[in-house]
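Read the structure below first, then the notes.
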Amino acid sequence: MPTPEEALVSIDRVLRDAARARYGVTDLTVTFEAPRRPEFGDFATNLAFGLAKAARSAPQQIAERLLDDAIASRPEIAALVVDAQATAGFINLRLAPGCWQRVIERALADGSRYGESPRNGQRISLEFGSANPTGPLVVVQGRTLSIGATLAAAFHACGYDVFTEWIINDAGGQVETLARSLYARYRQIADPSFPFPEAGYPGEYLLPIAASLREEFGAAYDAADESIWLPLFGTRGRDRLVAEQQRTVERFGIHYDLWQSERELHESGKVLAGIERLRELGLTYENEGALYFRATQFGDDKDRVLVKSDGKPTYYCADVAYHYEKLKRADRVIDLLGPDHHGYIERLRGIATAFGYEGRLDVAIAQQVTLLRGGEQVSMSKRAGEIITLDTILDEVGVDAARFFFAMLATETPLAFDLKLATEQSTENPVYYVQYGHARIASVLRNADAAELALARRGEHLAPLAHPSEIALMHRIEDYPHVLQSVVSSLSPHRLARYARDIAADFHAFYGECRILAENRDDRLARLALAAATQHVLANALRVLGVSAPESMDRLAAD
RNA sequence: GCGCCCGUAGCUCAGCUGGAUAGAGCGCUGCCCUCCGAAGGCAGAGGCCGGGGGUUCGAAUCCCUCCGGGCGCGCCA
């Protein structure tokens, strides 16, 4: 018995043969899709609509004839198809359960690797989540982190070598602001009347850092000149805050291969090298003392400043150099940026094209998160002081719920995130539904006879699987590798989160319809195999999402 | 003014390259544990898919336009 994919290849062939024989149409593409409504079968094709004009007849009539010519009259195809109908111009097919059972065989054989693709040697550089080193990570960054990390894991599962990078924006004026704010806090420990800078960072998170600097330095810098303390406090503050950001990221279950300091890019000469390369290419010019990049040659609105008239390079300049580095060492570079970077996309693409890497850079924008609390908008400006840190959310809802929730939404959709719902009703988070599915299977498998379960896992006793809820679940399992591919090809990790929910729903429905530990031994073996296969897929999907797959969960108390 | 994103059920959101009666969760109304975990299942109510044109056998999906909401348009980062 062929797999569903193989069966569709055969059916595709006979349908095209039939179309050629009857209507003389040769350049025909047949696409199959799973219809929304299960009563329309496992797969449907709309090819009769495309033929209608050339064949000069109604789609429904064409569908009926193709069905007669291709499916019914070919015994080898008829054996794969238990039901085939032409309705409203569509050809609806129901595959033999044996095709679906092949999927379970495969899932059981591959286990924790099911859905993965072989290594393909392609190198991906993925940058996401980067932040100023001037404060703790906030809730909104949880979204970028979650999306980026899931994307990275999906690329890895699809056979790519993924290199994840974070850029520390530590070369601009904001580090000076940090230094002044921190210095003021340091002085205030000894002299509470010491003025806090007007545009400083008022957050409480600087207080413990100031305290530890006081402990280390004593009063050593109270009378020091600004030229002495400014770089020192800037560097110390950056190091402490980056370390805290790294702790939060790690706690969120995310690993970075590189934490790239922007300052380091300058100090190592890489920025100069990047500018030099552009100069060689004839893509720079000077105007009023500043150095410009000819961005308009690459579709940008205006040329962009690389080096300001005061001799200091811009942030963009560092990014030019950084992207030059990334493009040289990766086959494909992906940036996942925040919503305030729309205007930046063309500029980045310009870099790639200028350096001769056109089409190798993708920039995705994760849209804004608006914070609400009980329907009221929460202001999130750092200057106003009220910041909701990512750690706060992790404390309240846990890593699993946060990872799943943020990955669940399409990247380009703005999100209204209600803190009250997230914290008070965390048990309503769909992640628990998915995890419960996994735990429920684990529980059933524990109740099974160990020897029998081992036998079932060999995937040799699947023949009884034919109930609609069993077919639906097998179909869903078959879909998993395609979902992973689609996550990667469209940079849409939310599809995986949706899929996890869907397969959990299919399992729960199957569980309600069919008793897994059935009286009949054949049924029992087959259903144990299906449950075990489902468990693998759930665990694999959750792993990519960065969510744990528990063997058991605490029962909720009855109301 | 120009550019990007969004507008789908009371709320939060799916709907992949155009397909059949537009889906899910939460919330709401009913059922279902002498049986593998009720954080579950089944059934139901709830929609001019922002408005208007167009393309198509067929449009939530593509094109144009208008209306709403958000965000960008620095020698800031």
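The values are calculated or read from the model by the stated rules, or taken from the named source; none is laboratory data. Model, not experiment: these values are computed from the prediction. Methodologically, a virtual Cβ is constructed for each residue, glycine included, from the backbone with ideal geometry; neighbour enumeration extends over all protein chains shown.
Taking the range A:241-262 as the range and being part of a helix (DSSP H, G or I), surrounded by 20 or more Cβ atoms within 10 Å (Cβ to Cβ) and out of contact with any Pro (no Cβ under 9 Å at 6 or more places or on another chain) as the test, the residues that pass are A:249, A:262. On the stretch given as the range A:200-226, residues that are surrounded by fewer than 11 Cβ atoms within 10 Å (Cβ to Cβ) and either closer than 23 Å to residue A:168 by Cα or in contact (Cβ under 8 Å) with a residue 40 or more places away in the chain (or both) total 1. When the range A:28-44 is limited to residues that are surrounded by 12 or more Cβ atoms within 10 Å (Cβ to Cβ) and near RNA strand B (Cβ under 8 Å from one of its atoms), the one that is farthest from residue A:469 (Cα to Cα) turns out to be A:31. Checked against (1) within 14 Å of the chain's Cα centre (by Cα); (2) more than 19 Å from residue A:441 (Cα to Cα); (3) part of a helix (DSSP H, G or I), residue A:500 passes all but a single condition, namely (2).
Filtering the range A:45-70 to residues that are part of a helix (DSSP H, G or I), within 15 Å of RNA strand B (Cβ to nearest atom) and in contact (Cβ under 8 Å) with a residue 40 or more places away in the chain leaves A:47, A:48, A:49, A:66. For the range A:474-502, filtered to residues that are within 17 Å of residue A:535 (Cα to Cα) and touching a Ser or Thr at 6+ places or on another chain (Cβ under 7 Å), the residue that is farthest from RNA strand B (Cβ to nearest atom) is A:477.
What tally of residues in the range A:271-289 results from selecting those that are part of a strand (DSSP E or B) and surrounded by fewer than 16 Cβ atoms within 10 Å (Cβ to Cβ)? Steps first, please.
Kept after step one, since they are part of a strand (DSSP E or B), are these residues of the range A:271-289: A:284-287.
Now drop any that are not surrounded by fewer than 16 Cβ atoms within 10 Å (Cβ to Cβ), which leaves A:285-287.
Of the residues in the range A:271-289, 3 are part of a strand (DSSP E or B) and surrounded by fewer than 16 Cβ atoms within 10 Å (Cβ to Cβ).
With the requirement that a residue be more than 8 Å from RNA strand B (Cβ to nearest atom) and either within 19 Å of residue A:265 (Cβ to Cβ) or not small (Gly, Ala, Ser) (or both), what does the range A:277-291 give you? If you could, list the steps in order and put the result at the bottom.
So in the range A:277-291, the residues more than 8 Å from RNA strand B (Cβ to nearest atom) come out as A:277-286, A:291.
Scanning the range A:277-291 gives A:277, A:278, A:279, A:280, A:281, A:283, A:284, A:285, A:286, A:291.
Looking at the range A:1-31, which of its residues are more than 34 Å from the chain's Cα centre (by Cα) and not in a helix (DSSP H, G or I)? Within the range A:1-31, A:1, A:24, A:25, A:26, A:27, A:28 meet the criteria.
Per-residue answers, yes or no, for (1) farther than 29 Å from residue A:202 by Cβ; (2) touching a His at 6+ places or on another chain (Cβ under 9 Å); (3) of a type in the set (A, V, I, L, M, F, W, C):
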| position | (1), (2), (3) |
| --- | --- |
| A:309 | yes, no, no |
| A:321 | yes, yes, yes |
| A:328 | yes, no, no |
| A:352 | yes, yes, yes |
| A:364 | yes, no, yes |
| A:378 | no, no, yes |
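The set of residues in the range A:146-167 that are within 30 Å of residue A:231 (Cα to Cα) and out of contact with any Phe, Trp or Tyr (no Cβ under 6 Å at 6 or more places or on another chain) comprises A:165, A:167.
Looking across the range A:154-192, the residues that are in a helix (DSSP H, G or I), hydrophobic (A, V, I, L, M, F, W, C) and surrounded by fewer than 22 Cβ atoms within 10 Å (Cβ to Cβ) come down to A:184, A:189, A:190. Per the listing A:480, A:511, the residue uniquely under 20 Å from residue A:109 (Cα atoms), aromatic (Phe, Trp, Tyr), touching a Gly at 6+ places or on another chain (Cβ under 9 Å) and at pLDDT 95 or above is A:480.
Which one of these is in contact with a helix residue (DSSP H, G or I) (Cβ under 9 Å, 6 or more places away or on another chain), aliphatic (A, V, I, L, M) and part of a strand (DSSP E or B): A:126, A:151, A:145?
Numbers: A:151 fails: part of a strand (DSSP E or B); A:145 fails: part of a strand (DSSP E or B).
None of the others qualify; the one that does is A:126.
Number of residues in the range A:350-389 that are among the basic types (Lys, Arg), at pLDDT 90 or above and outside any loop (DSSP other than H, G, I, E, B) equals 0. Filtered by the rule that a residue be part of a loop (DSSP other than H, G, I, E, B), farther than 15 Å from residue A:442 by Cβ and at pLDDT 95 or above, the range A:521-559 gives A:546, A:547. Against the numbered list (1) within 12 Å of RNA strand B (Cβ to nearest atom); (2) surrounded by 14 or more Cβ atoms within 10 Å (Cβ to Cβ), residue A:519 comes up short only at (2).
Can you find, within the range A:300-349, the residue that is nearest to residue A:149 (Cα to Cα) among those that are in a helix (DSSP H, G or I) and among the hydroxyl-bearing types (Ser, Thr, Tyr)?
So the first thing to find is which residues in the range A:300-349 are in a helix (DSSP H, G or I), and the list is A:315-329, A:339-349.
Those left that are additionally among the hydroxyl-bearing types (Ser, Thr, Tyr): A:315-316, A:322, A:324, A:344.
Working: A:315: 25, A:316: 25, A:322: 21, A:324: 23, A:344: 22 Å.
Among those that are in a helix (DSSP H, G or I) and among the hydroxyl-bearing types (Ser, Thr, Tyr), it is A:322.
For the range A:413-437, residues that are among the polar types (S, T, N, Q), under 30 Å from residue A:510 (Cβ atoms) and more than 7 Å from RNA strand B (Cβ to nearest atom) total 3.
Each residue in the range A:14-27 was checked for being free of Cβ contacts under 8 Å to residues at least 40 places away in the same chain and either touching a Leu at 6+ places or on another chain (Cβ under 6 Å) or surrounded by 14 or more Cβ atoms within 10 Å (Cβ to Cβ) (or both), and 3 of them qualify.
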